[in-house]
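Enquirer: I have a structure here, written as structure tokens, and I will follow up with some questions on it.
Every read-out reported here was derived from the displayed coordinates using simple, explicitly stated rules and does not represent laboratory data. Predicted, not measured: the structure shown is a model, and the values here were computed from it. All Cβ positions, glycine included, derive from the backbone under ideal geometry; neighbour counts span all protein chains shown.
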Amino acid sequence: MIYAMSDLHGQYDQYRRMLEKIDFSDEDELYILGDSVDRGPQPAELLLDMSMRTNVFPIMGNHDMTAAMILKKLCVEITEENYDRQLDGDFIKALSMWQIDGGQTTLDGFKKLSPDDRSWLIDYLDEFIPYETLTVGGRKFILVHGGIPYEKRHIPLADQIAYELVLDRPDYTKRYYKDAYLVTGHTPTSLIKGGHDGRIYRAMGHIAIDCGAGFGGVLGCIRLDDMAEFYVE
Ligand SMILES: [Mn+2]
């Protein structure tokens, strides 16, 4: 069986309870549609767990992208030669923006890791991919964190700007494809017109799966084989 969830935001406990609920086994696959880090209490634990599983596939979210950039820079030793480059104003600004946007819990967890686990975690974040396409049970799915700008929907995914796939908020009122579902995180379903709090949104070929776990809401998970929905408070 193939599952998708998104925007876990450090909610390691909810993630573990969801894996139990869906009876996740080695034969199954799980796609995590980004924003695994920041805000919630245990982003580092969550990433290490995900990275140990060969059947969990991470897709890049905007928070993961920022965390990867900042953590990588923080791990470079500051020297006479590089301090200008490493600690430039843009970086300091990005660092404080990230902290305001929930990055502190990721930083705290990261600091507690062994040096080996730190580089492991950075390498893992670097593996995150901007999109995935799947055919499950005869249905086609496009998986991204943010979305695809409507006017760009027919541009091949490989030619899309990765940054847009990560940050876009799709027009949920419009059907994008006749033959494929667009599966997205990033936009909590409570913010989608016609969506409702804490439930997966499905309409017009869209499947939006961020139910707001990052803000203390429920974690949603969808099984693509039969569109069954699962929730963990
Ligand atoms: Mn996001």
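Enquirer: What dipole magnitude, in Debye to the nearest 20, does the chain give about its Cα centre under +1 on Lys/Arg Cβ and -1 on Asp/Glu Cβ?
Expert: Using only the charged Cβ atoms, the result is roughly 940 debye.
Enquirer: HN-Hα J couplings of the range 110-115 from phi, Karplus 6.51/-1.76/1.60, θ = phi - 60°, integer Hz, Gly and Pro as x?
Expert: Once θ is set to phi - 60°, the couplings for the range 110-115 become 4, 5, 7, 6, 5, x Hz.
Enquirer: Ranking request for peptides 42-54, 5-17: highest mean number of other beta-carbon atoms within 10 Å first, then the rest in descending order.
Expert: Going from most to least packed, we get 5-17, 42-54.
Enquirer: Assign one of three labels to the range 178-233, namely rounded, prolate or oblate, based on the Cα gyration tensor with a ≥ b ≥ c the square roots of its eigenvalues; rounded applies when a/c is under 1.5, prolate when it is not and a/b is larger than b/c, and oblate otherwise.
Expert: Oblate.
Enquirer: Where does the range 145-205 land on Rg(C-alpha)/(2.2 N^0.38 Å)?
Expert: Compared with the compact-globule rule of thumb, the range 145-205 sits at 1.10.
Enquirer: Give me, ordered by chain and number, the residues 5 or more places off I207 or on other chains with an amide H under 5 Å from its own placed amide H.
Expert: Answer set, sorted by chain and number: L182, V183, T184.
Enquirer: Across the range 122-130, in residue order, what do the Karplus-derived ³J(HN,Hα) couplings come to in whole Hz, using 6.51 cos²θ - 1.76 cosθ + 1.60 with θ = phi - 60° and x for Gly and Pro?
Expert: With coefficients 6.51, -1.76 and 1.60, one gets 5, 4, 5, 4, 5, 7, 4, 9, x Hz.
Enquirer: Search the structure for amide H atoms under 5 Å from the amide H of D171, placed 1.01 Å from N in the peptide plane, and list their residues when 5 or more places away or on another chain.
Expert: Here Y150 satisfy the definition.
Enquirer: Further question: Roughly what % of DSSP beta bridges within the chain run antiparallel, to the nearest 5?
Expert: Roughly 50 percent of the DSSP beta bridges within the chain come out antiparallel.
Enquirer: Additional query: Residue by residue, what Karplus-based ³J(HN,Hα) values in Hz, rounded to whole numbers, does the range 83-95 have, using 6.51, -1.76 and 1.60 with θ = phi - 60° and x for Gly and Pro?
Expert: Along the range 83-95, the couplings run 4, 4, 6, 6, 10, 6, x, 4, 5, 4, 5, 4, 5 Hz.
Enquirer: Follow-up question, since we're still on this one. So what is log10(I(q)/I(0)) for the chain at q = 0.08, 0.13, 0.15 1/Å, when the Debye sum runs over its Cα atoms only?
Expert: Computed log10 I(q)/I(0) values: -0.29, -0.75, -0.98.
Enquirer: Same structure again: Give me the distance between the Cα centres of the range 41-68 and the range 116-182, rounded to whole Å.
Expert: Using only Cα atoms, the two centres lie 16 Å from each other.
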